[in-house]
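Notes follow the structure.
Taken together, the values in this text are just the output of simple stated rules run on the coordinates, not laboratory data. Computed from a predicted structure; not experimentally measured. Cβ atoms come from the backbone with ideal geometry, glycine included; neighbour counts cover every protein chain shown.
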Amino acid sequence: MNQLALVLPLLTIFAFTATGHAQTTVTNFGLKDQNDKYVEVNFPSDRPVVLIFGDRKGAGQIDGWSQPIYKKYEDKVYVFGIASLGGVPSYARGLVRRLIKRQTSYSVLMDWGGKAANSLGYQKDKAMIIVVGKNGTILSTKYGAATEPEINEIAAEIDKQLK
């Protein structure tokens, strides 16, 4: 009984950490984009950071978030688009990279193993938008298609950081 009492809290902590739900800060990470350029996301930062994740299905929801953010905060925040590609087999990576190159001129970070996405609680088939403070603290996370109220919430979080 004593051993079980010690193991259960550890399993609970591991489960929350493994799914990303307990994570309140973003750990520095680096990924290559579709042009094979290595890009680092580091904290502390001199600006707020917006991370926009999407997998194949979630990618269709990204423009609804990214367009208003770029339009309003073009030079005031760092925005990183990240493709969650955990399920893509290694032999198909070149094809996926070429498809992304054709579809966008913006840098898209390739999260091949899904490690970054999973550590932050990514939900399959949905866009995920995370506003991160200059110190690396997660301020807001939204999933799915953008709605006007949610875009306004994201904007309010960014505005607080810019004051």
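If the reach is capped at under 12 angstrom between alpha carbons, list the aspartates and glutamates near Lys124, excluding any in the same chain fewer than eight residues apart. Reachable aspartates and glutamates: Asp55. Assuming charge only on the beta carbon of Lys and Arg (+1) and of Asp and Glu (-1), the dipole of the chain about its Cα centre is about 440 debye to the nearest 20. The mean sequence distance of close C-alpha pairs (under 8 Å, at least 6 residues apart), as a share of the length of the chain, puts its relative contact order at 31 percent.
Working note: Cα atoms of segment 40-90, range along each principal axis, descending, whole Å: 36, 25, 10.
Backbone geometry of segment 61-75 corresponds, through the Karplus equation with coefficients 6.51, -1.76 and 1.60 at θ = phi - 60°, to 3J(HN,Hα) couplings of 9, 5, 4, x, 8, 5, 4, x, 5, 4, 4, 7, 10, 2, 10 Hz, x marking Gly and Pro. Listed cross-link partners Lys134/Lys160; Lys57/Lys101; Lys32/Lys76 are compared with a 20 Å cut-off, the Cα-Cα value being larger for Lys32/Lys76.
Sort 123-132, 58-67 for me by packing, meaning the mean count of neighbouring Cβ atoms within 10 Å per residue, highest on top. Don't skip to the answer; put the middle values down first.
On the way: 123-132: 20.4, 58-67: 18.3.
Ranked by mean Cβ neighbours within 10 Å, highest first: 123-132, 58-67.
Label sites at Ala92 and Asn152, each approximated as a point 7 angstrom past Cα along Cα to Cβ, lie 4.0 nm apart.
P(r) for segment 24-162, from all Cα pairs and a bin width of 5 Å, is 2, 10, 21, 24, 23, 13, 5, 1, 0 %, short bins first. Can you show me the helix-derived [θ] at 222 nm for the chain, built from DSSP H runs with n ≥ 4 at -39,500 (n - 2.57) apiece and divided by the number of residues, rounded to the nearest 500. Rounded to the nearest 500, it is -11500 deg cm²/dmol.
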